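Okay, so here's the structure we're looking at.
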Amino acid sequence: MSGATPHTVLYLARHCDVENPGNVLYGHLPGFGLSEKGRRQSAALGKYFEDQPISAIFASPLQRAQETARAIAEARRNGPLEITTTSELIEAHFALYLQGVPRKLVPLRRPLWMIHLAKPGLLPSDESVEAMASRINGVIEQFLVEHPGEGAVFVSHGDPIQAFWIKAQRRPDAALHILQCAKGGFLRLEYDGTFLESLEYHPPTELLLDDHPDSNPSQTGDTASTREDQAAPAGK
């Protein structure tokens with residue numbers, strides 16, 4: 001029908017569990033691939049997406065995201081999809097300040113973490129919630145414009161995904177560390193043209209991926225109509 005806007009379903013997924021015996025914040029460091037648990041999670045994600053109508057997979061350049069994306073790409077029933085790597089999906093920039101430090105020592109060795117926790121984006125070295133959401137949104141909007149009606153998976157990291165999520169639902173920036181997309185979880189996004197109509201969170205527990213869930217049970221099945229919330233079109 002002439003003039004009709006295409007309906008598109010996209011998926012914004014967080015990488016799966018990471019091999020991290022030292023329990024450090026790995027940030028942008030190389031050499032942090034998926035753990036055994038992460039490989040089970042990524043295999044289950046591959047199973048979920050094997051028949052979904054998707055034509056493309058995008059991923060952060062970091063190893064954990066690449067391995068997650070590869071599991072999804074290689075599980076496709078009609079043959080593997082090529083992975084497009086983009087730095088727009090990379091981990092939060094503030095992670096560069098934190099990386100390499102054992103988690104329990106962060107308050108002592110990286111005291112600016114407390115400011116970031118209380119007010120994300122306040123520090124000059126901190127990437128704002130708006131900036132993280134915008135770079136995720138930019139990759140998504142470009143795909144929507146260039147491939148209307150086609151599905152895709154975007155594999156990124158916790159903070160950027162949560163930034164996108166809270167901006168879509170017009171939540172305050174402080175929700176960045178409250179609203180959690182667990183490792184191996186994803187957001188299902190429905191668009192009318194480039195307008196985000198609905199957002200639905202699918203935790204890894206929903207796919208039976210995690211015997212010891214690290215997601216907040218209260219978020220299971222969390223949904224929101226962004227049109228009702230008067231959210232802006234993608235790319236805003």
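Starting from the range 108-119, keep only residues that are without any contact (Cβ under 8 Å) to a residue 40 or more places away in the chain and surrounded by 11 or more Cβ atoms within 10 Å (Cβ to Cβ), then list their pairs with residues that are in a loop (DSSP other than H, G, I, E, B) and of a type in the set (S, T, N, Q) whose Cβ atoms are within a distance under 8 Å, requiring at least 6 positions of separation or different chains.
That search, which allows pairs on different chains as well, returns Leu112/Ser125.
Only one of Ala133, Ala69 is touching a residue at least 60 places away in the same chain (Cβ under 8 Å) and out of contact with any Gly (no Cβ under 9 Å at 6 or more places or on another chain); which?
None of the others qualify; the one that does is Ala69.
Within the range 9-62, track down each residue that is under 22 Å from Asn137 (Cα atoms) and among the polar types (S, T, N, Q).
Gln52, Ser55, Ser60
Any residue in the range 48-62 that is free of Cβ contacts under 8 Å to residues at least 40 places away in the same chain and among the aliphatic types (A, V, I, L, M)?
No.
Could you name every one of the strands (runs of 3 or more DSSP E) located completely within the range 129-206 that has at least 2 residues being more than 23 Å from Glu67 (Cα to Cα)?
186-192, 195-202
Would you confirm, using the coordinates I've provided, whether Pro53 is of a type outside the set (Asp, Glu), within 22 Å of Phe154 (Cβ to Cβ) and modelled with pLDDT under 95?
Taking the combined requirement at face value, the residue does not satisfy it.
For Gly31, are the conditions met, namely being of a type outside the set (Lys, Arg), within 20 Å of Ala182 (Cβ to Cβ) and either touching a residue at least 24 places away in the same chain (Cβ under 8 Å) or in contact with a Pro (Cβ under 7 Å, 6 or more places away or on another chain) (or both)?
no
Of all residues in the range 62-99, count the ones that are in contact with a Phe, Trp or Tyr (Cβ under 8 Å, 6 or more places away or on another chain), part of a loop (DSSP other than H, G, I, E, B) and either of a type in the set (Gly, Ala, Ser) or surrounded by 19 or more Cβ atoms within 10 Å (Cβ to Cβ) (or both).
Number of matching residues: 2.
Which condition from (1) under 17 Å from the mean Cα position of the chain (by Cα); (2) more than 24 Å from Ala95 (Cβ to Cβ); (3) modelled with pLDDT under 95 is the one that Glu141 breaks?
Result: Glu141 passes all but (3).
How many residues, within the range 34-47, are touching a residue at least 40 places away in the same chain (Cβ under 8 Å), in contact with a helix residue (DSSP H, G or I) (Cβ under 7 Å, 6 or more places away or on another chain) and not polar (S, T, N, Q)?
The qualifying residues number 2.
Among what's in the range 136-180 and is of a type in the set (Phe, Trp, Tyr) and touching a residue at least 40 places away in the same chain (Cβ under 8 Å), pick the residue that is surrounded by the most Cβ atoms within 10 Å (Cβ to Cβ).
My answer is Phe154.
Would you check if Ala133 is closer than 15 Å to Leu196 by Cα, in contact with a Lys or Arg (Cβ under 8 Å, 6 or more places away or on another chain) and not basic (Lys, Arg)?
Judged against the criteria, Ala133 is a match.
For the range 39-61, how many residues meet the condition of being surrounded by 18 or more Cβ atoms within 10 Å (Cβ to Cβ), farther than 14 Å from Leu207 by Cβ and not β-branched (Val, Ile, Thr)?
4
For the range 65-98, enumerate the residues that are among the hydrophobic types (A, V, I, L, M, F, W, C) and over 17 Å from Ala163 (Cα atoms).
Result: Ala65, Ala69, Ala71, Ile72, Ala73, Ala75, Leu81, Ile83, Leu96, Leu98.
Just give me the residues in the range 21-38 being in a loop (DSSP other than H, G, I, E, B) and surrounded by 15 or more Cβ atoms within 10 Å (Cβ to Cβ), in sequence order.
Passing the criteria: Leu25, Tyr26, Gly27, His28, Leu29, Phe32, Gly33, Ser35.
The values are calculated or read from the model by the stated rules, or taken from the named source; none is laboratory data. The structure presented is a predicted model; accordingly, all values stated were derived computationally and were not measured. Because the Cβ atoms are built from the backbone with ideal geometry, glycine has one as well, and the counts that use them run over all protein chains shown.
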